[in-house]
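The values are calculated or read from the model by the stated rules, or taken from the named source; none is laboratory data. What you see is a predicted model; the values in this text were computed from it and never measured. Here the Cβ positions follow ideal geometry from the backbone for every residue, glycine too, while neighbour counts run over all protein chains shown.
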Amino acid sequence: MISVIYIMWLRQIKRYFRSKARIVGSLGQPLLFLLVFGFGMGPTFEQAGQGNYIQFLTPGIIAMSILFTAMFSGIEIVFDKQFGFLKETLVAPVSRLEIMIGRTLGGATTAVFQGLTVLVLSYAVGFRLTNFFTFPLALLFMFIIAFLFTGLGTAIGSKLEDMHAFQLIMNFLLMPLFFLSGALFPLTGVPKVLSVVARLNPLTYGVDGLRASLLGVTQFSLANDFIILASVTAVILAIGNRFFSKMQI
């Protein structure tokens with residue numbers, strides 16, 4: 001079992017690093033958000049007494065980078081189904097659970113790498129860690145976010161046959177998940193409806209967990225962030241495994 005998971009994990013990693021354009025292209029949007037929002041809205045944020053906006057914004061942009069990379073790993077399932085690569089894998093005498101775990105680990109690892117790259121690049125625009133000792137907690141939250149949304153991408157990709165449909169669904173999900181997570185603005189003082197929607201969004205707790213572990217600032221507490229995020233991740237991974245196991249090829 002370990003060997004199958006390792007092979008699938010390694011295959012996903014190689015596929016990601018083989019595409020230099022994909023790596024560079026996926027960094028464009030996070031850097032654009034950091035520069036445009038960070039410097040464009042920074043003075044207004046500071047005048048409102050909220051502090052340094054780059055500091056506030058960076059954890060949300062890291063979460064966004066992980067979210068997009070993790071979710072779009074699911075499109076590879078649709079691609080593999082269309083071109084027959086997945087059939088070659090699934091007819092092998094191994095459990096689909098092992099294949100799914102390996103793919104999910106690979107997708108999550110590349111998503112975390114993307115998030116770490118954004119974190120390093122954010123230093124160029126002024127972001128600074130406030131406590132290096134809590135950085136391992138930030139890594140933990142990055143991995144949980146990556147597992148959650150890689151599992152969601154897998155579940156959606158297992159049910160779809162058309163790559164265009166996958167992209168439409170991703171766009172329908174991704175932007176609301178990101179904008180309603182507290183990544184761009186504080187959730188204190190927002191309208192009640194928006195606050196309720198944000199609390200139902202699992203990415204909200206990932207952003208809050210990253211902000212707490214990188215900056216020491218939290219709205220829900222680290223314990224609540226971890227428990228809620230881990231619970232949702234377990235449910236999504238179970239659903240993703242069920243859909244992947246019953247997938248027709």
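A few comments on the model shown:
Residue by residue, here is whether (1) assigned to a helix (DSSP H, G or I); (2) over 16 Å from Ala70 (Cβ atoms) holds:
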site	(1), (2)
Val197	yes, yes
Leu203	yes, no
Leu210	yes, no
Phe220	no, yes
Ser231	yes, yes
Leu237	yes, no
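- Residues located in segment 168-227, provided they are touching a Pro at 6+ places or on another chain (Cβ under 9 Å), polar (S, T, N, Q), within 24 Å of Ile156 (Cβ to Cβ) and surrounded by 20 or more Cβ atoms within 10 Å (Cβ to Cβ): Ser181
- Flag for Leu121 being in contact (Cβ under 8 Å) with a residue 24 or more places away in the chain, among the hydrophobic types (A, V, I, L, M, F, W, C) and touching a Phe, Trp or Tyr at 6+ places or on another chain (Cβ under 7 Å): no
- Any hit, segment 146-167, residues being surrounded by 17 or more Cβ atoms within 10 Å (Cβ to Cβ), within 11 Å of Phe72 (Cβ to Cβ) and of a type in the set (Ser, Thr, Tyr): yes
- Scanning segment 85-101 turns up at least one residue that is among the β-branched types (Val, Ile, Thr), at pLDDT 75 or above and under 20 Å from the mean Cα position of the chain (by Cα).
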